[in-house]
């Protein structure tokens, strides 16, 4: 029975392969998202996809990884951004992941899982038959062999998919006129990590891997990249500078302040260093020092919307919402009302507790959610505005939007029902309340079935 339990656990684990993002948190930042989308745009076009239909999502995870999990979404771990030295390296990763999307690998993974499951179930049945016949040792051998064969078949399937994505990624980089140097450099980083952790590079070890050996991948790709006309194409210097500051910004936001200040000492006065230190000081509640860094950044470029956003954020989160309004309003205007920045601006307007600001806050936040519905923070703030105005049905509707996005499905159902009861029948908001209720019920049922 213990062997059977192991087999069933193995099959259950394989059924979850295509859902790696379920329990991971998403990092959202206007500057970072804009950069990642611009880095991906020529590759998306080269892959025959529409740039507006492909999302690049940053996952808060320190490991060096990227993946697709259905749909046209590429998930990139924060650890991958930290490990990369150039924007070109990240573009190599994005190109590879687009290869998974165009190859339909997530959809086709059911084929690999199904074949492996069939082997396991067949070996289980044969093992049970042997056990019933009194051949206990033979039964165990059959079941164990079947489990090994199933795992081997599934891993072989994923290795073929990875090789296919490698080839497609190389094609997209070439078509976009982007050098494969970064792709090779990043694969070399992965190989060095494998050496560091003692992973064998022998052909025998390849059997138990989901990916081909990094050394083999490098050798195959080098043959394609070095003869490609784009091999000697220079990196985009502007994109590289933007990548370096986003990387430093992310480091300052996620790392312990002491580590950030060690990595970016005060002797450094470049933009990435000041960016990182501003976050470190802010996290340590050193408001004056954080603002000194933002002032120094703005002295370099007074019209940079992301420097203005940072100054406004520090002021707002330090209890100075009135002072935060001017930089946040300007940042919102300069980015043509970027939804994420507009959400912070709307929050600052509400945080002043000045009722004269609520009309502007409603306008700003409604525009933000119109452009980016998947913004629970903006929906929450919009609900606060509606509640302050006494519009409780729309306040409950905004709460339902926020709750369904944060997977609080039972609360979303209650909020949607309350909104529906108070809204005029047949209006768009009334219909939306019904839709949220149906969506939340369906998700809740799926959760209960998984449990």
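Treat the count of other C-beta atoms within 10 Å as a stand-in for reagent exposure and order 231, 379 from fewest to most. Please list the in-between numbers first.
Working: 231 16, 379 25.
Going from sparsest to densest Cβ surroundings: 231, 379.
If the chain between residue 55 and residue 269 were fully stretched, how many nm would it gain, using 0.36 nm times the residue separation less the Cα-Cα distance? Before the final figure, lay out the partial values.
Details: separation 214, 0.36 × 214 = 77.04 nm, distance 3.36 nm.
The span from residue 55 to residue 269 would gain 73.7 nm if fully extended.
With a ≥ b ≥ c taken as the square roots of the eigenvalues of the C-alpha gyration tensor of the range 229-341, please select rounded if a/c is under 1.5 and otherwise prolate if a/b is larger than b/c or oblate if it is not? In terms of gyration-tensor shape, oblate. Residues 332, 86, 269 in ascending order of nearby Cβ atoms (within 10 Å, fewest first): 269, 86, 332. Here the residues 323, 420, 311, ranked from fewest to most Cβ neighbours within 10 Å of their Cβ, fall in the order 323, 420, 311. Computed on the Cα atoms alone, the convex hull of the range 394-451 gives a volume of 58 cubic angstrom per residue.
Distances over 19 Å make up what percent of all Cα-Cα pairs in the range 283-356?
30
Rule-based calculations on the coordinates, nothing more; no lab input. Keep in mind the model is a prediction, meaning the values are calculated, not measured. With ideal geometry, Cβ positions are generated from the backbone for all residues, glycine too; neighbour counts draw on all protein chains shown.
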